[in-house]
Amino acid sequence: MPPSPSSHPAVAKYAEHINPAFVKLLGAFGYGRVFVRASGATLWDHEGREYLDFLSGFGAQSLGHNHAKLRARMAGFLADDVPNLVHVGPQVHAAELASELARRAGPLTMCLLSCTGAEAVEAALKLARAATGKKTLLYCKNGYHGLNLGTLSTSGIPRMRELFEPLLPACQEVPFGDLDALDEALGKTRAAAFLVEPIQAEGGMIMPPKGYLRAAQELCQKRGALFIVDEVQTGMGRTGSLFACEAEGFFPDVLVLGKALGGGMVPISATLTTPDLGKRAFGTAERFDLHGSTYAGNAFACRTAGAILAILDEEGLVRASRDKGERLLFSLRDRIGKHPLVREVRGRGLFVGIELGPTEKGGLLHRALPGLVEAVSRRIFGQWLSVRLLEEGIVAQPASQQWNVLKLEPPLTVTDAEIDRVVDRIGALLDEYREVAPIVRDATSRLGQQFAGGWRFG
């Protein structure tokens, strides 16, 4: 592709050496920006424009960007002469972090450390097969757990899977939120585990029925399958409790953490389980080394994660997530809940989705051509709103697999004023559109302008 007209040299280099299709897509609507500075909930691009970040690295930047207290502690860690990687003895700081996580995770006092959320999910899947001696892994339709071959095998999004099939055998999909279907699948298979997100994030911010998670755990216990909860995106205070499963008053057999565990500063993830399951899976001399990786448990990442846990406590950020999330949800529902192109505002804590698309009040075009309007809404609406928000100085994105659902997940340090600003701007932008046809018109016009301009960045 031709070089982007953006004045920042990284754009052309990124397109040439990393991901040209991504750069072109960013330029399709003029979404692309090169961000060069960040502090708290604020980003600046290389041309000096300021943005309020309500994406926060898909939730990884839970403390905001470059949190002063965290950076100071990380600088102190770098000044120490501790060994960062040790493979011939216990890693001191890995042990400290595991102890801190165990203190917060009820009966889940054993910890497998990894570098990414996908690795931690795969650790959970391996643990389930090793501990139970069974093979079948149950997962949810529309669920998302990562892009490794193992996690793709238990992700219910066909577009992400198809190119890489055949994937792992003995993986079976069930509908999310359907206890009868889960019970039937457990009864027909010798399932090692059932893997589920407490809220389907990339699948469209889908909330399960009340009590679903706890009832699913009981079904798994009845059938001898492990219950694995993937909290890579919902954990670490995001939903108003440290772990989302706590809202239903239980801990699963296996809990997976990532993203915010490293605060957007270091790659680290964890798979927590019980001592009994840990022993059954990897607790012998023949099995002790069947899971691990070179950088898992490195001192710098573990110390940083420990500092993040401490800051969450010191600054009361889990409680803040609950309180600020209530403000965000109430304000959005009050401002746009009756808009003819807003189907639902849903979420928990600072993890909120706005489902967009024509309702029964959605206008003449919707009544005349509902199928076409629905297809256009799903492909364009969320992306178009995110572009318009960017131009208003607000960073947000649709769910990666449901583009008509705009996700809002600001840092847990977000202020009331920042929440109010975002709600106001979303409301004002939606006020410009009462039907789908004007959105199609404006988005098509923008695409034409971008094409004529060589897919330039905004």
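The values are calculated or read from the model by the stated rules, or taken from the named source; none is laboratory data. Bear in mind that the values here come from a model prediction, so they are computed numbers and not experimental data. Cβ placement follows ideal geometry from the backbone for every residue including glycine, while neighbour counts extend to all protein chains displayed. Quick note on the areas: whole protein, heavy atoms, side chains included, nothing else; ligands and nucleic acids left out. Shrake-Rupley method; radii C 1.70, N 1.55, O 1.52, S 1.80 Å.
List every residue whose amide H lies under 5 Å from the amide H of residue 226, counting only residues 5 or more places away in sequence or on a different chain, with H placed 1.01 Å from N in the peptide plane. Here 193, 194 satisfy the definition.
Based on the mean of other beta carbon atoms within 10 Å per residue, what is the order of 405-411, 211-217, most packed first?
Values: 405-411: 28.0, 211-217: 18.4.
Taking the mean over residues of other Cβ atoms within 10 Å, the ranking is 405-411, 211-217.
Heavy-atom accessible surface of residue 335, to the nearest 10 Å², is about 90 Å², with a 1.4 Å probe and all protein chains retained. Under 5 Å between amide hydrogens, built in the peptide plane, is the criterion, and for residue 356 it picks out 343, 405, 406 among residues at least 5 positions away or on other chains.
Based on C-alpha pairs under 8 angstrom that are at least 6 apart in sequence, the stretch 72-188 has a relative contact order of 16 percent. Our coupling estimate for the stretch 414-419, obtained by passing each phi through the Karplus curve with A = 6.51, B = -1.76, C = 1.60 and θ = phi - 60°, is 4, 9, 4, 5, 5, 4 Hz, Gly and Pro reported as x. According to the square roots a ≥ b ≥ c of the eigenvalues of the Cα gyration tensor, what is the shape class of the stretch 81-236, taking rounded for a/c under 1.5, prolate for a/b larger than b/c otherwise, and oblate for the remainder? Cα axes put the stretch 81-236 in the prolate bin.
How would 300, 29, 58, 451 rank on accessible area, largest to smallest, probe 1.4 Å? Display every interim value, and only then the final one.
Details: 300 50, 29 30, 58 85, 451 140 Å².
So, going from the largest accessible area down, we get 451, 58, 300, 29.
If you plug the beta carbon distance of residue 313 and residue 276 into 1/(1 + (r/R0)^6) with R0 = 35 Å, you get a FRET efficiency near 0.75.
Convex hull over the alpha-carbon atoms of the chain: what's its volume per residue in Å³? Walk me through the numbers before you get to the answer.
Working: hull volume 71.8 nm³, N = 458.
Each residue corresponds to 157 Å³ of Cα convex hull volume.
Between the stretch 239-296 and the stretch 382-438, the alpha-carbon centres lie 33 Å apart. Net length available on complete extension from residue 293 to residue 442 is 48.7 nm, with 0.36 nm assigned per residue and the Cα-Cα distance removed.
Per DSSP H run of n ≥ 4, the term is -39500 (n - 2.57); total these for the chain, divide by its residue number, and report the mean residue ellipticity at 222 nm rounded to 500 deg cm²/dmol. Let's see the in-between values first.
Values: 17 runs with 189 residues, N = 458.
The helix contribution divided over the chain gives -12500 deg cm²/dmol.
Taking all protein chains as shown and a probe of 1.4 angstrom, residue 179 keeps an accessible surface of around 60 Å². Both radii were evaluated on the Cα set of the stretch 229-306; the Rg over Rh quotient, with Rh as the Kirkwood radius, amounts to 1.01. In square angstrom, rounded to the nearest 10, how much accessible surface does residue 86 have for a 1.4 Å probe? Number for this one is 40 Å².
Count the DSSP beta bridges whose two residues both fall in the chain, then state the antiparallel fraction as a percent rounded to the nearest 5. Provide the component values of the computation, followed by the final result.
Values: 30 of 47 bridges.
Around 65 percent antiparallel, to the nearest 5.
Relative to the longest principal axis of the Cα atoms of the chain, helix 179-188 runs at roughly 40 degrees.
Accessible surface ranking for 377, 445, 1.4 angstrom probe, highest first: 445, 377.
As an equivalent ellipsoid, the stretch 9-115 spans semi-axes of 36, 18, 17 angstrom, where each value is the square root of five times an eigenvalue of the C-alpha gyration tensor, largest first.
Taking trypsin sites (Lys or Arg not before Pro) across the stretch 1-68, the ones in a DSSP loop with at most 16 further Cβ atoms lying within 10 angstrom of their Cβ are 49.
Under 5 Å from the amide H of residue 36 lie the amide H atoms of 44, 45, 46, each residue being 5 or more positions distant or on a separate chain, with H modelled from the backbone and absent for Pro and chain starts. When the solvent-accessible area of the chain is split by element, carbon and sulfur atoms take up 56 percent of it, the probe being 1.4 Å. Once the dipole of the stretch 27-153 is set up with Lys and Arg at +1 and Asp and Glu at -1 on Cβ about the Cα centre, which of 151, 86, 52 lies farthest towards its positive end? In the stretch 27-153, that residue is 151.
Please give the per residue accessible area of the stretch 257-335, computed with a probe of 1.4 Å over protein heavy atoms only, in Å². Don't skip to the answer; put the middle values down first.
Details: 3560 Å² over 79 residues.
Counting only protein heavy atoms, the per-residue value for the stretch 257-335 is 45 Å².
The phi torsions of the stretch 378-383, fed into the Karplus equation with coefficients 6.51, -1.76 and 1.60 and a -60° offset, translate into couplings of 5, 8, 10, 4, x, 5 Hz, rounded to whole numbers, with Gly and Pro shown as x. Helix 117-132 axis versus longest C-alpha principal axis of the chain: approximately 40°, rounded to the nearest ten. Magnitude of the charge dipole for the chain, about its Cα centre and with charges confined to Cβ atoms of Lys, Arg (+1) and Asp, Glu (-1), is about 540 debye. For the pair residue 34 and residue 85, label points projected 7 Å from Cα toward Cβ lie 3.2 nm apart.
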